[in-house]
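Asker: Could you have a look at this structure, given as structure tokens, before my questions?
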Amino acid sequence: MSNSRSRRIFLQEFLAGCCACAVSLPAWSAGTDERRLLLQNTHTGDVLDTIYRVNGQPQPAELGRLDWIFRDHRAGSVLPIDARLFDLLHELAAAAGVEPRYQIISGYRTPATNSMLVTTSDGVSSRSLHMEGKAIDIRLAGLPLAELRDLALARRAGGVGYYPGSDFVHLDVGRVRNW
């Protein structure tokens with residue numbers, strides 16, 4: 001057998017083996033459910049790329065990192081954030097078919113920060129779920145704001161506020177309502 005023929009047969013067999021492996025990879029990895037978020041806090045500049053849930057199990061260290069990036073940037077205070085909020089963000093990006101790359105406008109707020117915002121801003125509730133770690137004001141990269149709002153409304157997972165003038169959508173895991 002000539003060198004070119006044996007090399008061609010080797011390459012064909014090698015490629016066939018690679019294809020067989022590639023076909024079997026999805027079945028092998030299909031059991032892994034990872035929930036990932038890519039976040040940037042617009043006030044602090046902090047960036048976080050995290051896998052916070054694997055096979056349905058929360059990853060405590062990553063939840064702590066999420067709590068930190070959601071912190072009240074004015075007071076520097078951290079509160080445990082309701083994990084349903086993280087799942088909602090992940091699910092909305094998946095439904096939109098885009099990477100879960102969010103900009104955080106406002107996450108957790110201390111009561112003092114919220115009181116200040118009530119007196120200086122329009123549309124801030126004195127009983128805001130931001131104070132309980134159950135709300136976030138966000139933008140999703142690659143998705144128009146109105147589409148994010150519509151996906152969130154269809155999900156019916158809590159409150160949805162639409163603020164096109166301020167360029168964000170409010171999401172919370174409280175009762176279902178919208179404004």
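Asker: Going by what's in this entry, would LEU63 be described as at pLDDT 95 or above, part of a helix (DSSP H, G or I) and surrounded by 20 or more Cβ atoms within 10 Å (Cβ to Cβ)? Explain how you work it out, then say what you get.
Answerer: Working: at pLDDT 95 or above: yes; part of a helix (DSSP H, G or I): yes; surrounded by 20 or more Cβ atoms within 10 Å (Cβ to Cβ): no.
When the stated conditions are applied, LEU63 does not pass them.
Asker: Any chance the range 129-137 includes a residue that's open to solvent by 60 Å² or more (accessible area, probe 1.4 Å), of a type in the set (A, V, I, L, M) and part of a helix (DSSP H, G or I)?
Answerer: For the range 129-137, residues open to solvent by 60 Å² or more (accessible area, probe 1.4 Å), of a type in the set (A, V, I, L, M) and part of a helix (DSSP H, G or I): absent.
Asker: Restricting attention to the range 138-152, and to residues there that are in contact with a Phe, Trp or Tyr (Cβ under 9 Å, 6 or more places away or on another chain) and exposed (fewer than 14 other Cβ atoms within 10 Å of the Cβ), which single residue is farthest from ALA83 (Cα to Cα)?
Answerer: ALA146
Asker: Then there is this: Only residues that are of a type outside the set (A, V, I, L, M), surrounded by 18 or more Cβ atoms within 10 Å (Cβ to Cβ) and either closer than 22 Å to ALA152 by Cβ or free of Cβ contacts under 8 Å to residues at least 40 places away in the same chain (or both): list them for the range 70-88, please. Reasoning before the result, please.
Answerer: Of all residues in the range 70-88, those of a type outside the set (A, V, I, L, M) come to 70-74, 76-77, 80, 82, 84, 86-87.
With surrounded by 18 or more Cβ atoms within 10 Å (Cβ to Cβ) added as a condition, the list becomes 70-73, 82, 86.
Once the filter is applied, which keeps residues that are of a type outside the set (A, V, I, L, M), surrounded by 18 or more Cβ atoms within 10 Å (Cβ to Cβ) and either closer than 22 Å to ALA152 by Cβ or free of Cβ contacts under 8 Å to residues at least 40 places away in the same chain (or both), the range 70-88 yields PHE70, ARG71, HIS73, ASP82, PHE86.
Asker: Which residue is nearest to HIS170 (Cα to Cα), if the candidates are limited to the range 66-86 and must be assigned to a helix (DSSP H, G or I) and in contact with a Phe, Trp or Tyr (Cβ under 9 Å, 6 or more places away or on another chain)? Write out each step before concluding.
Answerer: First pass over the range 66-86, keeping only residues assigned to a helix (DSSP H, G or I): 66-69, 83-86.
This time we only want the ones that are in contact with a Phe, Trp or Tyr (Cβ under 9 Å, 6 or more places away or on another chain), so: 66-67, 83, 85-86.
Details: LEU66: 18, ASP67: 18, ALA83: 16, LEU85: 11, PHE86: 14 Å.
Checked the range 66-86; the qualifying residue nearest to HIS170 (Cα to Cα) is LEU85.
Asker: Given the criteria within 13 Å of the chain's Cα centre (by Cα) and among the basic types (Lys, Arg), does ARG109 qualify? Can you show your working first?
Answerer: On the way: within 13 Å of the chain's Cα centre (by Cα): no; among the basic types (Lys, Arg): yes.
Taking the combined requirement at face value, the residue does not satisfy it.
The values are calculated or read from the model by the stated rules, or taken from the named source; none is laboratory data. No experiment lies behind these values; they were computed from the predicted model shown. Cβ sites come from the backbone with ideal geometry, for glycine too, and all protein chains shown count toward neighbours. Side chains included, ligands, DNA and RNA excluded: accessible areas come from the protein's heavy atoms. Shrake-Rupley method; radii C 1.70, N 1.55, O 1.52, S 1.80 Å.
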